């Protein structure tokens, strides 16, 4: 049985990155996000079909996440060189074009394994999305099959619900009342 991650300290990581501008390489660690919300998402492979729809949609919504003091980081088991090549490939050619956040390389598959999303026999990650709070606690996770993309709107809604500090009922939206325990 998989170990529960929600409610615990997020698994630490250090990964190399390809900058969203398609030029530089860098390195990122979990501690780089101390004091900020982190939306960490895993996708299976570069140069595929569902993945760019998610990556581009999150990039297009980055300002909304930044307004909520959240940073986005995408991760796959591809190399930083593959990430950069995909960023530098035009969208009409199945590329990403420039992004508003970095893509991290989990080429040794450690981070995907630590987050419970690695498909061991294929060496790729499931579509896992994790929200880590400013204190480093993993407070949300959703993992789904390779053929189904995730929702930017739902990710934003959940982030706002987590930030509300209240008890949020199903379909809660910002501005609505939270529940009172008792």
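Descriptive notes on the structure:
- Stretch gain in nm, segment residue 120-residue 137, where the contour uses 0.36 nm per residue and the Cα spacing is subtracted: 3.6 nm
- Nearest-ten-degree value, helix 152-164 long axis tilted from longest Cα axis of the chain: 40 degrees
- Coarse-grained scattering of segment 91-182 at q = 0.12 Å⁻¹, given as base-10 log I(q)/I(0) from a Debye sum over alpha-carbon atoms: -0.55
- For the chain, the longest principal axis of the Cα atoms and the long axis of helix 50-60 meet at an angle of about 60 degrees.
- Debye log10 I(q)/I(0) at q = 0.26 Å⁻¹ for segment 1-42, Cα point scatterers: -1.10
- A Cα-only calculation for segment 14-164 places Rg and Dmax at 14.1, 41 Å.
- DSSP beta bridges in segment 14-164 [antiparallel fraction, %, rounded to 5]: 70 percent
- Based on DSSP H segments of at least four residues, each scored -39500 (n - 2.57), the chain has a per-residue ellipticity at 222 nm of -6500 deg cm²/dmol.
- Highest mean packing first, where packing is the average number of other Cβ atoms within 10 Å per residue, the peptides 61-67, 41-47 line up as 41-47, 61-67.
- Potential extension, residue 178-residue 68 segment - 0.36 nm per residue separation minus Cα distance: 37.8 nm
- Shape analysis of segment 1-86 yields a ratio of the Cα radius of gyration to the Kirkwood radius, Rg/Rh, of 0.96.
- In percent, rounded to a whole number, the relative contact order of the chain is 26, using alpha-carbon pairs under 8 Å and six or more apart.
Just so you know, all these numbers are worked out from the coordinates, no wet-lab data involved. Since the model is a prediction, treat every value here as computed from it, not as a measurement. Don't worry about glycine lacking a Cβ; one is built from the backbone with ideal geometry, like all the others, and counts go over all protein chains shown.
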